[in-house]
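First up is the structure itself, then whatever we jot down about it.
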Amino acid sequence: MLKNDRWITEQAAAGMLEPFQAGLIRHLNPQLNEQPVLSFGCSSYGYDLRLSSKEFLIFRHVPGTVMNPKRFNPNNLEPTSLHKDQDGEFFILPAHSYGLGVALEKMKVPENITVICLGKSTYARLGIIVNTTPAEASWEGHLTLEFSNSSGADCRIYANEGICQLLFFEGDPCETTYSDRKGKYQHQPEKVTLARI
């Protein structure tokens, strides 16, 4: 079953999401409809997660190398600067490139829940694809998020604003949770976690 806003709010109070925003925020100054942001917070059947401003890495070509998930070479990634203007804080993801960021919120997934992370339609309309990412039962930490810029133009990726939506699915209790099997991506900090085997 897909969980609703009441359930998400109750679980957040028990530590499932920190920091937690109870309602969907579209303006930093909602009374005057000023300072629009890419929405974040609790929606009817999901939660719009924010991108942390702490780190954003972009893949680059290193001549003579081939990407290998079994022997990931961190030299294929370079940090990008955080920019700021009247629209907010942002990273720039170049055209036809791929980048990694990290969620601002820390998650602690209940043992009978699996979370699916999906991209936001506002970014999708610009050609930005957020990789569909699961967070399994009892997973804990800050999600590393993957972004593809499929467009021919550089694009801003806003920090501290909504970047993707989480959907929470309840199932029958599983035999072995992600925590039980000591999953390799457990307890990720608020920084990009690279590929591991």
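The values are calculated or read from the model by the stated rules, or taken from the named source; none is laboratory data. Being a predicted model, the structure only gives us computed values, none of them experimental. No Cβ is skipped: glycine too gets one built from the backbone with ideal geometry, and neighbour counts run over all protein chains shown. The accessibility values were calculated without ligands, DNA or RNA, using every heavy atom of the protein model including side chains. Shrake-Rupley method; radii C 1.70, N 1.55, O 1.52, S 1.80 Å.
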Selection from the range 140-165 of residues that are out of contact with any Gly (no Cβ under 6 Å at 6 or more places or on another chain) and within 16 Å of VAL102 (Cβ to Cβ): GLU140, GLY141, HIS142, LEU143, THR144, GLU146, ILE157, ALA159, ASN160, GLU161, GLY162, ILE163
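Against the definition (over 17 Å from GLY183 (Cβ atoms), modelled with pLDDT of 95 or more, surrounded by 18 or more Cβ atoms within 10 Å (Cβ to Cβ) and of a type in the set (A, V, I, L, M, F, W, C)), how does LEU166 come out, yes or no? Steps first, answer last, please.
On the way: over 17 Å from GLY183 (Cβ atoms): yes; modelled with pLDDT of 95 or more: yes; surrounded by 18 or more Cβ atoms within 10 Å (Cβ to Cβ): yes; of a type in the set (A, V, I, L, M, F, W, C): yes.
So LEU166 passes the test.
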Across the range 146-197, which residue is farthest from SER52 (Cα to Cα) among those that are assigned to a strand (DSSP E or B) and small (Gly, Ala, Ser)? SER148
Kindly indicate the residue of the range 41-73 that is touching a residue at least 60 places away in the same chain (Cβ under 8 Å), open to solvent by 70 Å² or more (accessible area, probe 1.4 Å) and more than 19 Å from GLY119 (Cα to Cα) and also farthest from the chain's Cα centre (by Cα) among those meeting that condition. LYS70
Near pairs, Cβ below 9 angstrom, 6+ apart or cross-chain, from the range 1-27 (closer than 19 Å to GLY141 by Cβ and of a type in the set (D, E, K, R)) to any residue that is part of a loop (DSSP other than H, G, I, E, B) and open to solvent by less than 50 Å² (accessible area, probe 1.4 Å): GLU18/GLU105
Which condition breaks for GLN35 when tested against (1) open to solvent by less than 30 Å² (accessible area, probe 1.4 Å); (2) at positive phi? (1)
